[in-house]
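Structure first, commentary second.
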Amino acid sequence: MNIEVTPATQAERPILRHLMELYLYDFSEFDGADLGPIGLYEYPYLDHYWVEPGRSPFLVRVEGSLAGFVLVARYNYFTAEKDAWVMAEFFVLRKYRHKGIGEQVARLIFDQFPGPWQVAQIPENASATAFWRKVIQRFTHDNFQEYTLGNENWRGPVQTFVSPPASQQEHKT
């Protein structure tokens, strides 16, 4: 199966915005979000991904078809400093879930951004926590930590690990 994770260009911003609506619709099951006055969900940070350093938007395609997106940012859930990579948002369309695609996408992103990582989930989304624990455990060969935070920066589980530079990575399966 051909899986591509490519940086979302300025011209592709509307595509990511449309995918964000699907993501926020799915996520409303957990956060109870309502539609805004014009029938759309609100994600106030999306435009920042094309103008702020330390933010990177990606589109995911499977066999050439849009299948999701990833937003990566620099942040630290413990300190609010910009000294760790975070999986700010991660979305795979339902059609492509439970097929190993999400794990492959996550690995491609982790490989692309070496250094310290923090991946957080809200407590209400138990399936996301199970997914990330499994993916990170496999990626790091069980060399990660998990914390449950309840501070002003985050509430919920956070997995932390270090993604090695490409020159130090062994073949991961």
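Bear in mind these aren't lab numbers, they're just calculated from the coordinates by the rules spelled out. Please read these numbers as outputs of a predicted model, since none were measured by experiment. Every residue, glycine among them, receives a Cβ derived from its backbone with ideal geometry; neighbour counts consider all protein chains shown.
Only helices enter this figure: runs of n ≥ 4 DSSP H residues, each worth -39500 (n - 2.57), summed and divided by the residues of the chain, yield -8500 deg cm²/dmol at 222 nm to the nearest 500. Rounded to whole numbers, the Karplus 3J(HN,Hα) couplings from phi for segment 20-34 are 4, 4, 4, 4, 5, 4, 4, 5, 4, 4, 9, 9, x, 4, 9 Hz, using 6.51 cos²θ - 1.76 cosθ + 1.60 with θ = phi - 60°, and x at Gly and Pro. Bridge orientation summary for the chain: considering DSSP beta bridges with both residues in this region, about 95 percent are antiparallel.
A Förster radius of 22 Å, combined with the Cβ-Cβ distance separating residue 13 from residue 38, puts the computed FRET efficiency at roughly 0.75. Taking the dipole about the Cα centre of segment 34-101, with the C-beta of Lys and Arg at +1 and of Asp and Glu at -1, give me whichever of 53, 67, 43 is farthest to the positive side. Of the listed residues, the answer is 67. For residue 149, the amide hydrogen comes within under 5 Å of the amide hydrogens of 156, 158, counting only partners 5 or more places away or on other chains and with H modelled in the peptide plane. Across segment 113-124, rounded Karplus estimates of 3J(HN,Hα) from the backbone phi angles (6.51 cos²θ - 1.76 cosθ + 1.60, θ = phi - 60°) give 10, x, x, x, 10, 9, 10, 10, 9, 7, x, 5 Hz, Gly and Pro being marked x.
Taking amide hydrogens as placed 1.01 Å from N in the peptide plane, the amide H of residue 163 sits under 5 Å from those of 115, 117, each at least 5 positions away in sequence or on another chain.
Note on segment 96-141 and segment 26-68: Cα centroid distance 18 Å, given to the nearest whole angstrom. Checking the a/c ratio against 1.5 first, then a/b against b/c, what shape does the Cα gyration tensor give for segment 16-97? Note, shape of segment 16-97 comes out oblate. The charge dipole of the chain, taken about its Cα centre with unit charges on the Cβ atoms of Lys, Arg (+1), Asp and Glu (-1) only, comes to about 480 debye.
What the phi angles of segment 89-101 give under the Karplus curve with 6.51, -1.76 and 1.60, with θ = phi - 60°, is a coupling list of 8, 8, 9, 10, 4, 3, 4, 9, 7, 6, 10, x, 5 Hz, glycine and proline written as x.
Given axes a ≥ b ≥ c from the Cα gyration tensor, I'd like to know whether segment 108-148 is rounded (a/c under 1.5), prolate (a/b larger than b/c) or oblate. Prolate shape, in that a/c is at least 1.5 and a/b is the bigger ratio. Taking only alpha carbon atoms, the chain gives an Rg to Rh ratio of 0.94, where Rh is the Kirkwood radius. Using the Cα gyration tensor of segment 46-141, with a ≥ b ≥ c the square roots of its eigenvalues, what is the shape: rounded (a/c below 1.5), prolate (a/b larger than b/c) or oblate (neither)? Oblate, because a/c is 1.5 or more while a/b does not exceed b/c.
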